[in-house]
Amino acid sequence: MHGGYVLTMDPALGDLASGDVHVRDGEIVAVGPGLDPGCPRIDAAGTVVMPGLVDTHWHLWTTLFRSMSSSSPETAYFALNVANGLRCRPDDLYHGVRLGLVDAVNTGITTVHDWAHNLRSPEHADAILTAHREIGLRGRFSYGTAQGHPADRTTDLADLARVATDWFDGSRLPLMHLGLAGRPPGAAEEAVFRPEYDAARSLGLPVSYHANSTRAQGELRMIERLAAESMLGPHTQLIHALYTTAGERAAVRDSGASVSLSPWSELLIGYGVPPVKELLDSGVLLTLSVDTLSLTGTADLWSAIRLATGLLRAGAEQELAVGTRRMLELSTVDAARSLGLGGVTGSLTTGKRADLILVRVDHVGTAPFTDPTNTLALAAGAANVDTVVVDGRIAKRAGRLTTVDPADVVAGTGAALRALLARA
């Protein structure tokens, strides 16, 4: 990448007003001005070269029925998930996940956390993982229950072990790692949450929980109970966490666990106002996510960064309460660290893998180019993402997807949804 504004997100390197990033065999081997590596160049003039975005919580399968929620009691988000989830065949999940992953590439996301909560059979899990193998993003696949799964029964722990062996012990998904999409105390009894957690940790897997999402869940002190059960640590991710006590926030911070906010979905579903300022002020490792396209409609993580910036400043009642560079960290370097990938991606650092994007700042929607991080956090969107590179492989160039036919993906997903709805 030659001649762009290089936003490394690495404090030791800083920014380069006109710099180069040299990639070889999928690895960043040099970052600096005026590099002459003797290899083909991608002209980055008129762009910001930066790390690819990292999404930390996404129910990718629900992309199958994008923007279908919230129009009636029958299409309220959770009711819709159950109604459609019960009818899903493996191929339906494949098409929903594949469309979500392609949308991720288009918007500049190079790492995803697929929180898979409709695994109805081993075949359903395999279908999702097949989509990941085809599209080839980096990230985590968190194994969860199916929609409608009884609260008093554990997830399919035998199949979790099978997936660990069949998909993650070799080279089938070299950019992905496995996790558990679990249920915390308060959502399940000890006879469920403890065996799930223990099984995941015995396999060396990270765990992720939706916890303290609503006011009622906050009153259950789910995070306090996780701490009491010694289930918090750097391997633990907490999703939403809108209603926490100071003690719970301190426990999360001190344990090294992280929190993933999805501000658009939290507002649209009516959970409340995401406490961005409160969580950041407490020192919690905070990240951002897309969550679910059936509710939010969009995979545009840029808009979540913008919204989170506004929520923090509004909570502080102060325009200068946070800068946009800090907010970009929530979807780059901090997000990578929260998924255990801090040494792999999240910044343009020599030795890390080449997950990077070129964002045009000479478009009518981003020009004139003034403050780099303000332009990215406040003006950029999917339409400005010119180039996407994942592990050194070009997935989007000059605004066009290069590894997949988007028309085929859209047509396949549309046919799958029509067939699913016809099975009602």
Quiz item: What FRET efficiency do you get for Ala246 and Arg418 if R0 is 51 Å and r is their Cβ-Cβ distance, rounded to the nearest 0.05?
Solution: 0.55
Practice problem: For the chain, report the accessible area per residue in Å² (1.4 Å probe, heavy atoms, rounded to an integer). | Solution: 37 Å²
Quiz item: Can you list the residues, at least 5 places off or on another chain, whose amide H is less than 5 Å from the amide H of Ala116, using H built in the peptide plane?
Solution: Ser142, Gly144
Quiz item: Among bridges DSSP assigns within the chain, what percent are antiparallel (round to 5)?
Solution: 40 percent
Quiz prompt | Phi to ³J(HN,Hα) by Karplus 6.51 cos²θ - 1.76 cosθ + 1.60 over segment 275-291, Hz, x for Gly, Pro | solution = x, 4, 5, 4, 6, 5, 5, 7, x, 5, 6, 10, 9, 10, 8, 7, 6
Quiz item: Which peptide among 297-305, 5-13 comes first, and what is the full order, when sorted by highest mean count of other Cβ atoms within 10 Å?
Solution: 297-305, 5-13
Quiz item: Among Asp166, Asp391, Asp36, which one shows the biggest mean-square fluctuation in a GNM of the chain, springs joining Cα atoms closer than 10 Å?
Solution: Asp36
Practice problem: Find which of Leu268, Thr245, Gly52 sits farthest along the positive direction of the dipole of the chain, computed with +1 on the beta-carbon of Lys and Arg, -1 on that of Asp and Glu, about the Cα centre. | Solution: Leu268
Quiz item: Using the beta-carbon distance between Arg215 and Ser67 and R0 = 22 Å, what value does 1/(1 + (r/R0)^6) give for FRET efficiency, to the nearest 0.05?
Solution: 0.25
Quiz item: Given a 1.4 Å probe and every protein chain left where it sits, what share in percent of the accessible area of the chain is carbon and sulfur?
Solution: 53 percent
Quiz item: Comparing Ala125, Ala104, Ala379, which has the greatest mean-square fluctuation in the GNM of the chain with Cα pairs linked when under 10 Å apart?
Solution: Ala379
Quiz item: Which far-off residues, 5 or more places away or on another chain, put their amide H under 5 Å from the one on Ser18, with H placed in the peptide plane?
Solution: Val6
Quiz item: What list of ³J(HN,Hα) values in whole Hz, one per residue of segment 222-229 in order, does the Karplus curve 6.51 cos²θ - 1.76 cosθ + 1.60 (θ = phi - 60°) give from phi, with Gly and Pro shown as x?
Solution: 4, 5, 4, 6, 4, 5, 5, 8
Quiz prompt | Extension reserve of the Asp166-Ala76 stretch, reckoned as 0.36 nm per residue once the Cα distance is removed | solution = 28.8 nm
Self-check item: Identified option (computed Cα extents along the principal axes in Å; candidates (1) 64, 50, 47; (2) 69, 48, 43; (3) 61, 47, 43)
Solution: (3)
Self-check item: Sites Ser121 and Arg41 - FRET efficiency at Förster radius 60 Å, r taken between beta-carbons, to 0.05
Solution: 0.80
Quiz item: Quick one: which of 322-335, 149-162 comes out on top by average Cβ neighbours within 10 Å, and what's the full order, highest first?
Solution: 322-335, 149-162
Quiz item: Among the helices of the chain (complete DSSP H runs), which have Cα atoms covering no less than 18 Å along the helix axis and a Kyte-Doolittle mean of at least -1.0?
Solution: 90-107, 122-135, 301-316, 406-422
Quiz item: Pick from Pro90, Pro40, Pro274: which is most flexible by mean-square fluctuation in a GNM of the chain where alpha carbon atoms under 10 Å apart are linked?
Solution: Pro40
Practice problem: Would you pull out the residues with amide H under 5 Å of Val23's amide H, same chain only if 5 or more places away, H placed 1.01 Å from N? | Solution: Val29
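The values are calculated or read from the model by the stated rules, or taken from the named source; none is laboratory data. Being a predicted model, the structure only gives us computed values, none of them experimental. Here the Cβ is made from the backbone with ideal geometry for all residues, glycine too, and neighbour counts use every protein chain on show. Only protein heavy atoms, including side chains, enter the accessible area calculation; ligands, DNA and RNA are left aside. Shrake-Rupley method; radii C 1.70, N 1.55, O 1.52, S 1.80 Å.
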